[in-house]
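Notes follow once the structure below has been shown.
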Amino acid sequence: MVNSKQDKELAALTCLYEITKVLASSTDLRDCLKKAMAILSSSFDFKNATVTIVNPRTGQSEIEVAHGMSAEARKRGVYKMGEGITGRVIAAGEPIIVPRISEEPLFINRTKARGDISSRNLSFLCVPIKHGKSTIGSLSVDLEYREGANFEEELRFLTVIAGLLAQAVNRIQAVNREKEELLYENTRLKKQLSEKYRIDSVISSSSRMQEVLEMIGRVAGSNATVLLRGESGTGKTLIARAIHHNSRRAAKPFVVVNCTALPETLLENELFGHEKGAFTGANELKKGRFEVAEGGTLFLDEIGELPGHIQAKLLSVIQDREFQRLGSSRTIKCDVRLIAATNKDLEKAVEQGVFREDFYYRLNVFPIYIPPLRDRRTDILLLAEYFLHKYNEENRKKVRRISTSAIDLLIQYHWPGNVRELQNCMERALLICDEEAIKSYHLPPTLQTSESAAPDRKPLALGTMVENFEKELIVDALKRFEGNQTRAAAHLETSLRVFNYKVHKYGIDFSQFKMARK
């Protein structure tokens, strides 16, 4: 019981301090409000200290916490805007004092926590919890009725507490919203990632690649070591990711090590890590890629470039599923699936003694050969269209198609850089294209030389190339003017007679363009 004015002031300051500490240190809204109401009730003669919060979805205020009130009573404490004393405080944003609840017809006692209020000498104080100009809830307490009391001091004190509660509610709700957004974004990105590396999302129509996809489907669910063979740029990293994301390890890390990107002196440290003090400059413990990939997949790209002593250590790890950090004698168990890739002839390297034979057989459990792009020409146009769409979106351009002459060059080219070269080619073409279609002159000069054609393909004669280019210009003009020959001829700055002659010469049916845009 607080009696003197000095005692009241001290109790108020102590209460404010304790409540501030609780509200500032918690990220659980209900927990911190519950503790704050317990402190408030124990510091003064307050009963049923209650916090209601407006539900943004329903617009109703619901009891969040109520000290001294049963769970069933709290569940009944739901108020529409303007309903009862609590609803009126929230609607108006102003505090209300009810000197004696038994004499107040607006006091509805919805929680039934006070029993029969007609026989209770209780006063009720309710103040709004406001954030800026918005009322987000209310704070209310019961007091024993005192004849002639105006409760102004108590009302001011509760208003201060309500201000602290408003800050806490806003802070914790903002944190929770941020967590929900991060969780949603994380879920969305994971979904995107899983869709990106679905086996059926690999763009291909060639029979050679369909065989590859079938092999991926067979091996993905196992723990077998996979060796990806093929030229640079064929998409070995994409295939490795597809294997991982379609395996039971998909939720675990996928860690990439490019064996040619690291100096030989750093490669062992990168793979296995080191202990603090293992060598000069090792100021702290470092986990290697095997530890980082625990439970997931480790992808070793360009494994044909590994030095002999690293091959020996990796062989031991594959056999025994354990390793040691540099500077440590402690053995670390590991559960990592290994996928390796190379563009080298490993069999020849084994013959020459630069690649360990036992290591080769450990890697070559399930080999998959990725054919070069020149051996799957039916994929070239599919991939080109995919890259066209991709870079249109990225660069906010509206290049609609690839012209016939450009398609001819793409198909004829032998693509020594494979898919990676095609991707770079399409990105360059789209960036310099200011027309509706990518033309042959938008492609790199290497595609427009006779040397660019595949060795088994005869280059086009000059006359044929001129005719193809001329036909392309006529078709583009007819498309633009919806089959109107007069306007198309004027656009190409030639006479209608010459234009008609060329149309008939090349067997172009101009009528098919009349409905092109309808």
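Nothing in this text is a laboratory measurement; each read-out follows from the coordinates by a stated rule. Quantities reported herein were computed from a predicted structural model and do not represent experimental measurements. As a convention, Cβ positions derive from the backbone with ideal geometry for all residues, glycine included, and neighbour counts pool all protein chains shown.
Here are some notes:
- Under the Karplus curve 6.51 cos²θ - 1.76 cosθ + 1.60, θ = phi - 60°, whole-Hz ³J(HN,Hα) for region 403-416, x wherever Gly or Pro sits: 5, 4, 5, 5, 4, 4, 5, 4, 5, 6, 5, 8, 6, x
- Relative contact order for the chain, counting Cα pairs under 8 Å that sit 6 or more residues apart, in percent: 9
- Helix-only mean residue ellipticity at 222 nm for the chain, each DSSP H run of n ≥ 4 adding -39500 (n - 2.57), per residue, nearest 500: -14500 deg cm²/dmol
- Tilt relative to the chain, helix 308-320 - C-alpha long axis, 0 to 90 degrees, to 10: 60
- Helix axis angle, 29-43 relative to the chain longest principal axis, alpha carbon, degrees: 20
- Checking (i) 1.11; (ii) 1.23; (iii) 1.00 against the coordinates, the calculated Rg/Rh (Cα atoms, Kirkwood Rh) falls under label (ii).
- Dipole moment magnitude, nearest 20 debye, region 57-163 about Cα centre, only Lys, Arg, Asp, Glu C-beta charged: 480
- Length gained on full extension, Glu152 to Leu266: 33.7 nm, using 0.36 nm per residue less the C-alpha separation.
- Spin-label zone in region 358-376 - amide nitrogen under 16 Å from a point set 7 Å from the Cα of Ala224 along the C-beta vector: 361-370
- Once the Cα atoms are used to define both axes, helix 462-480 deviates from the longest principal axis of the chain by about 40 degrees.
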